[in-house]
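The values are calculated or read from the model by the stated rules, or taken from the named source; none is laboratory data. What you see is a predicted model, and the numbers here were worked out from it, not measured in a lab. Here Cβ is always computed from backbone atoms with ideal geometry, including for glycine, and neighbour counts include all displayed protein chains.
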Amino acid sequence: MSLHSAHEYYYDIAAQDALQIPTVLICDSFLMREGIKHLLSKTQFQIQDEAVDRPSGFPGFPDAKAILFLIG
């Protein structure tokens, strides 16, 4: 197993054990949204795919201990 493969393996295990944090991304730029999704893809931050255009449209997260809102 190469060093890179070992790092990826242990990173994936740590990510599975970490608290999953729902993340709502509010951004008009498609390029920025996709870039942020890519950056957070292997972290505990789970990007919600639902589009939100007003505060009353936010999805509910009854079991979440924390929620991250990224506004761009």
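Values computed for the structure shown
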read-out	value
Subset tally (residues that are within 13 Å of Ile71 (Cα to Cα), exposed (fewer than 13 other Cβ atoms within 10 Å of the Cβ) and at pLDDT 85 or above) for the range 31-58	0
Met1, sole failed condition from (1) exposed (fewer than 11 other Cβ atoms within 10 Å of the Cβ); (2) modelled with pLDDT under 70; (3) in a helix (DSSP H, G or I)	(3)
